[in-house]
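A.B. asks: The structure that follows is given in the form of structure tokens.
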Amino acid sequence: MARHLRLLWVTPHLPRRGVSAARERWWALLARLAGRHRITLLCFVDPEDRDAPADVLPPGLAAVHRVAKRYFAADDGLAMLPRTVAGAFADPMLRGAIAERLAAEPFDLVQYEYTEMGHLMPPAAIPTLLTVHQVSFAAEGPLWRAQGRPARLGPVLLHRYLRELDFELRAVAAADHVVTMSAEDAARLRRFVPQLEVSVSPVGVDCAYYAPMPAEPTCDLLFVGNFGHPPNADAVRFLVDDVLPRLGRPALLRVIGRDMPPALHALARPGVVDVVGAVDDVRPHLAAARIVAAPVRFGTGMRGKVLEALAMGRPVVTTSVGAEGLGALPGEHLLVADDAGQFAADCRRLLEEPALAERIGAAGRALACARFDWDIVADAHDVIYERALHTPVRGARPVVTMPHAPLRGWPGIAAGAALLTVRGLAWHLRRARAA
């Protein structure tokens, strides 16, 4: 029997269904964990969520505190903060709101969602848990390769790699316990911070809601994604430009998702590429697709839309990046291909062998139900909390801060790049010593 705990959850957005994989995760976990723990939610809200009705939130929470984000320009003349931090989570008002809530009532544990929260964590006398949804520094090299290794992007992506590496490793080192979405991400962090206390809690799926349903096929290939996430736009362009021409047969690709940029709408071609955009319910579209294609070429963590397709019993073709965290067997639960020719060949094979497609779809469904149903993921959190509660608490830990300097513009960026290079070398030396 799990202990009844007093938990403070801090999320960078309002937990809400049907918006993004992260917000769906928070909603699903909070709805289940609130029945066994006393959970207070402190969430930072964007303008569109400030007046959202209470019934969009997970039921059973002890209290909800919404803190409205405001425009705040970070003092970052050296350009050492990740953009997601400098543009949203560098505001000291947000850190003050967390400190105020921690002082207002007793908690057993405080849980932060997103690595960016490393900039906001105040000192605490209770265990601090940080959930890392993706390891951004590990995505820069694959992004460069996916774009053809252009020389002009090399310095930019190297700077971003060093900046994300330093910030993310400092953030996880400031927490008492870290949660990652995949064992692969846990390994990436431990290479640099071997003593890191880390648990794995995968992305989940509601297998009762995402269940097979009868439908007549209306498209051959389906891609589903939130296009506020850059790997998804790259995946669609890869499908259109590189995969479809290699299929060797007519096929209709349908593209569904929120926040679709005009450049993707422009890819629409009657009978070849059907660009739909956002839909209220993705399940009928999944059910009517012969194949779900997810050629994600960069990024880390897990893909919620791949899990939804598996739970629906749809045959999936993805990349090794898209299959990360699943522990799936290629050829049994899904097909995995990393180059355009093989990806097209796998799609064609499933289109031409319905029995194989059905078998792989059924195996994918079984995998999703056995390992990734939200009830299973939520139950495992009790074990994670016990581990965190038995982790020594550092107490007054420093917030992840960056040095201030009077330099601005290119001189400041150059000075920051030099400092990041030194720090990056230090991190890699630590990794080499630990190997």
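The values are calculated or read from the model by the stated rules, or taken from the named source; none is laboratory data. Model, not experiment: these values are computed from the prediction. As a convention, Cβ positions derive from the backbone with ideal geometry for all residues, glycine included, and neighbour counts pool all protein chains shown. Keep in mind that these areas ignore ligands, DNA and RNA; they rest on the heavy atoms of the full protein, side chains included. Shrake-Rupley method; radii C 1.70, N 1.55, O 1.52, S 1.80 Å.
A.B. asks: Against the condition within 19 Å of Asp241 (Cβ to Cβ), modelled with pLDDT of 95 or more and surrounded by fewer than 22 Cβ atoms within 10 Å (Cβ to Cβ), how does Ala345 come out, does it pass?
C.D. replies: Working: within 19 Å of Asp241 (Cβ to Cβ): yes; modelled with pLDDT of 95 or more: yes; surrounded by fewer than 22 Cβ atoms within 10 Å (Cβ to Cβ): yes.
Criteria met by Ala345.
A.B. asks: So, Asp234, is that one outside any strand (DSSP E or B) and either closer than 17 Å to Leu310 by Cβ or at pLDDT below 95 (or both) or not?
C.D. replies: yes
A.B. asks: Suppose we filter Ala139, Ala186 for residues that are in contact with a Ser or Thr (Cβ under 7 Å, 6 or more places away or on another chain) and within 19 Å of Thr319 (Cβ to Cβ); which single one remains?
C.D. replies: From the options Ala139, Ala186, the qualifying one is Ala139.
A.B. asks: Of all residues in the stretch 100-110, which are within 22 Å of Phe72 (Cβ to Cβ) and either modelled with pLDDT under 95 or buried (at least 18 other Cβ atoms within 10 Å of the Cβ) (or both)?
C.D. replies: Of all residues in the stretch 100-110, those within 22 Å of Phe72 (Cβ to Cβ) come to 100-102.
Those that are within 22 Å of Phe72 (Cβ to Cβ) and either modelled with pLDDT under 95 or buried (at least 18 other Cβ atoms within 10 Å of the Cβ) (or both): Arg101, Leu102.
A.B. asks: Every residue in the stretch 164-186 that is over 27 Å from Ala311 (Cα atoms) and either in contact with a strand residue (DSSP E or B) (Cβ under 9 Å, 6 or more places away or on another chain) or open to solvent by 20 Å² or more (accessible area, probe 1.4 Å) (or both), please.
C.D. replies: At the first step, the residues of the stretch 164-186 found to be over 27 Å from Ala311 (Cα atoms) are 164-178.
If the condition is that a residue be over 27 Å from Ala311 (Cα atoms) and either in contact with a strand residue (DSSP E or B) (Cβ under 9 Å, 6 or more places away or on another chain) or open to solvent by 20 Å² or more (accessible area, probe 1.4 Å) (or both), then Glu164, Glu168, Arg170, Ala171, Val172, Ala173, Ala174, Ala175, Asp176, His177, Val178 are the ones that fit.
A.B. asks: Right, another one. Within the bounds of the stretch 372-392, is there any residue that is of a type in the set (S, T, N, Q) and either within 27 Å of Asp242 (Cβ to Cβ) or open to solvent by 70 Å² or more (accessible area, probe 1.4 Å) (or both)? Lay out the reasoning, then the answer.
C.D. replies: First, pick out the residues of the stretch 372-392 that are of a type in the set (S, T, N, Q): 391.
Checking the rest, the ones that are also either within 27 Å of Asp242 (Cβ to Cβ) or open to solvent by 70 Å² or more (accessible area, probe 1.4 Å) (or both) come to none.
Checking the stretch 372-392: not a single residue is of a type in the set (S, T, N, Q) and either within 27 Å of Asp242 (Cβ to Cβ) or open to solvent by 70 Å² or more (accessible area, probe 1.4 Å) (or both).
A.B. asks: Does any residue in the stretch 346-359 that is at negative phi come within less than 7 Å, Cβ to Cβ, of a residue that is loosely packed, with under 14 Cβ neighbours inside 10 Å six or more places away or on a different chain, and which pairs are these?
C.D. replies: Arg348/Gly248; Arg348/Arg249
A.B. asks: If you take the residues of the stretch 1-24 that are modelled with pLDDT under 90 and more than 15 Å from Asp49 (Cβ to Cβ), which of them is surrounded by the most Cβ atoms within 10 Å (Cβ to Cβ)?
C.D. replies: The qualifying residue surrounded by the most Cβ atoms within 10 Å (Cβ to Cβ) is Ala21.
A.B. asks: So which of Arg36, Arg66 is over 25 Å from Thr300 (Cβ atoms) and in contact with a strand residue (DSSP E or B) (Cβ under 7 Å, 6 or more places away or on another chain)? It would help to see each step written out before you state the result.
C.D. replies: On the way: Arg36 fails: in contact with a strand residue (DSSP E or B) (Cβ under 7 Å, 6 or more places away or on another chain).
Exactly one residue qualifies, and that residue is Arg66.
A.B. asks: Can you pull out the residues in the stretch 61-82 that are of a type outside the set (A, V, I, L, M) and either in contact with a Lys or Arg (Cβ under 9 Å, 6 or more places away or on another chain) or buried (at least 18 other Cβ atoms within 10 Å of the Cβ) (or both)?
C.D. replies: Start the filter on the stretch 61-82 by keeping residues that are of a type outside the set (A, V, I, L, M), which leaves 65-66, 69-72, 75-77, 82.
Across the stretch 61-82, the qualifying residues are His65, Arg66, Lys69, Asp76, Gly77, Pro82.
A.B. asks: Would it be correct to say that Val279 is β-branched (Val, Ile, Thr) and surrounded by 23 or more Cβ atoms within 10 Å (Cβ to Cβ)?
C.D. replies: Details: β-branched (Val, Ile, Thr): yes; surrounded by 23 or more Cβ atoms within 10 Å (Cβ to Cβ): no.
Spelling it out, it is not the case that Val279 is β-branched (Val, Ile, Thr) and surrounded by 23 or more Cβ atoms within 10 Å (Cβ to Cβ).
A.B. asks: Moving on to the next point. Pick out the one residue from Met213, Met181 that is in contact with a His (Cβ under 7 Å, 6 or more places away or on another chain) and under 30 Å from Met312 (Cβ atoms).
C.D. replies: None of the others qualify; the one that does is Met181.
A.B. asks: Restricting attention to the stretch 239-270, which residues are open to solvent by less than 60 Å² (accessible area, probe 1.4 Å) and within 19 Å of Leu351 (Cα to Cα)?
C.D. replies: Leu239, Val240, Asp242, Val243, Leu244, Leu247, Ala251, Leu252, Leu253, Arg254, Val255
A.B. asks: Any chance the stretch 367-379 includes a residue that's over 26 Å from Thr115 (Cβ atoms) and in contact with a strand residue (DSSP E or B) (Cβ under 6 Å, 6 or more places away or on another chain)?
C.D. replies: The answer is yes; a qualifying residue exists.
A.B. asks: To continue, here is another question. Need pairs with beta-carbon distance below 6 Å; first residue more than 28 Å from Pro92 (Cα to Cα) and within the stretch 122-144, second open to solvent by 30 Å² or more (accessible area, probe 1.4 Å) and among the aromatic types (Phe, Trp, Tyr); sequence gap 6+ or separate chains.
C.D. replies: Glu140/Tyr161
A.B. asks: State all residues of the stretch 275-322 that are assigned to a loop (DSSP other than H, G, I, E, B), more than 30 Å from Tyr161 (Cβ to Cβ) and of a type outside the set (D, E, K, R); if no residue qualifies, say none.
C.D. replies: Ala278, Val279, Val282, Ala288, Met312, Gly313, Pro315 - these are the residues of the stretch 275-322 that are assigned to a loop (DSSP other than H, G, I, E, B), more than 30 Å from Tyr161 (Cβ to Cβ) and of a type outside the set (D, E, K, R).
A.B. asks: Another question, then. Can you tell me which residue in the stretch 84-97 is surrounded by the fewest Cβ atoms within 10 Å (Cβ to Cβ), limited to those that are of a type in the set (A, V, I, L, M, F, W, C) and more than 23 Å from the chain's Cα centre (by Cα)? Show your work before the answer.
C.D. replies: Restricting attention to the stretch 84-97, the residues satisfying the condition of being of a type in the set (A, V, I, L, M, F, W, C) are 85-86, 88-90, 93-94, 97.
Applying the additional criterion that residues be more than 23 Å from the chain's Cα centre (by Cα) yields 93, 97.
Details: Met93: 13, Ala97: 18.
Step by step, filter the stretch 84-97, then rank; the result is Met93.
A.B. asks: Now for a different question. Out of Pro142, Pro150, Pro122, I need the residue that is more than 17 Å from the chain's Cα centre (by Cα) and more than 30 Å from Tyr385 (Cα to Cα). Which one?
C.D. replies: It is Pro150.
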